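The values are calculated or read from the model by the stated rules, or taken from the named source; none is laboratory data. Remember, it's a predicted structure, so these values are computed and weren't measured experimentally. Neighbour counts are summed over all protein chains in view; Cβ atoms, including those assigned to glycine, are modelled from backbone coordinates with ideal geometry.
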Amino acid sequence: MTKISDLYLRLSAVEVLSYLRERYGYKVLSEMLGLQVSVLSRYINGRVLPNTSRAERIVGLFNESLLSDIVRQRLSRTEEGFYDLSAIVTDVGLLRLVAKVVCNEFRVFSINKLLTVATDGIPLAVQVAAELRAELVIAKKRKDLNIKSYFEEPIKRAPALVEYLYVPRGVLRKSDVILIIDDVARSGETISGLIRIVNRAGARLAGVFTIVMLEEVRERLKQALGPSGVLKSLLTFTS
């Protein structure tokens with residue numbers, strides 16, 4: 001581990017602790033981590049950074065045991081049966097921590113561009129782009145009049161309803177390594193359309209990350225990604 005990545009890990013641990021302190025309080029957090037409240041206070045208030053091994057334990061506990069539960073508790077369903085992520089995508093602190101998890105999962109790919117769709121995927125994609133220091137590309141559902149050439153991809157919503165995604169041709173290049181980000185994969189049609197756009201551009205697709213995904217959609221997206229693409233989600237549901 002380089003000095004920069006070591007420092008990043010230790011700072012990330014402090015950010016995790018600050019978020020968890022707001023949610024659970026010092027006493028519960030102390031019991032979770034087996035650390036004295038006074039030690040946690042020194043970390044959270046910036047007096048000292050945790051050492052590398054302790055930072056790894058803090059971040060590991062959050063990633064493996066707490067994050068999914070926090071997201072699940074924030075998730076709700078509408079009367080129509082759709083997943084409502086509004087309490088998640090409006091929590092900037094939580095999205096920053098999710099972005100750190102995404103960054104850790106995909107760091108080995110040297111990603112330089114993120115692709116998402118307006119508007120649902122933007123809040124998370126902005127945070128992930130900042131973590132990866134990558135450019136954010138947004139697929140829109142309407143053309144901008146000042147841009148002449150697009151990748152145009154149809155998205156079938158119903159037998160008689162077709163929408164289109166538009167990405168300016170100049171923003172995706174063959175040398176790019178791209179990660180697709182979305183908040184939820186309900187049918188997989190939007191993400192499949194984004195995958196097709198990346199393939200048409202000739203760029204390398206590292207994978208796809210969503211907060212929520214349906215199990216039946218996961219299987220379809222695996223086929224669309226191919227054997228080299230990585231598919232990750234925080235929560236997967238059967239329906």
Cβ pairs under 9 Å, 6+ apart, first in the stretch 28-53 and assigned by TED's automatic domain parsing to the domain that holds ARG10, second part of a loop (DSSP other than H, G, I, E, B) and loosely packed, with under 14 Cβ neighbours inside 10 Å: SER30/GLN36; VAL39/VAL48; SER41/ARG47; ARG42/VAL48; THR52/MET1
Being touching a helix residue (DSSP H, G or I) at 6+ places or on another chain (Cβ under 7 Å) and closer than 27 Å to ILE181 by Cα narrows it down to one of VAL117, VAL37, so name that one. VAL117
So which of SER239, SER233 is of a type in the set (Ser, Thr, Tyr) and crowded, with 19+ Cβ neighbours inside 10 Å? SER233
In the stretch 172-187, is there at least one residue being surrounded by fewer than 19 Cβ atoms within 10 Å (Cβ to Cβ), within 19 Å of TYR83 (Cα to Cα) and either in contact with a Pro (Cβ under 9 Å, 6 or more places away or on another chain) or modelled with pLDDT under 95 (or both)? yes
Counting only strands (runs of 3 or more DSSP E) entirely within the stretch 147-239, those with at least 2 residues that are free of Cβ contacts under 8 Å to residues at least 40 places away in the same chain are 150-158, 161-168, 204-214, 230-237
Taking the stretch 102-138 and keeping only residues that are assigned to a loop (DSSP other than H, G, I, E, B) and crowded, with 21+ Cβ neighbours inside 10 Å, one is left with ILE111, GLY121, ALA134
Output the number of the condition that SER192 fails; it satisfies all remaining conditions of (1) touching a strand residue (DSSP E or B) at 6+ places or on another chain (Cβ under 9 Å); (2) over 29 Å from SER86 (Cα atoms). (2)
Please list, ordered by residue number, the helices (runs of 4 or more DSSP H) wholly in the stretch 1-74 having 1 or more residues that are among the hydroxyl-bearing types (Ser, Thr, Tyr) and at pLDDT 95 or above. 3-33, 37-44
Of all residues in the stretch 69-85, which are surrounded by fewer than 15 Cβ atoms within 10 Å (Cβ to Cβ) and in contact (Cβ under 8 Å) with a residue 40 or more places away in the chain? ARG72, PHE82
Quick check on my filter: what residues within the stretch 139-165 are crowded, with 17+ Cβ neighbours inside 10 Å and more than 19 Å from the chain's Cα centre (by Cα)? TYR150, PHE151, GLU153, ILE155, LEU165
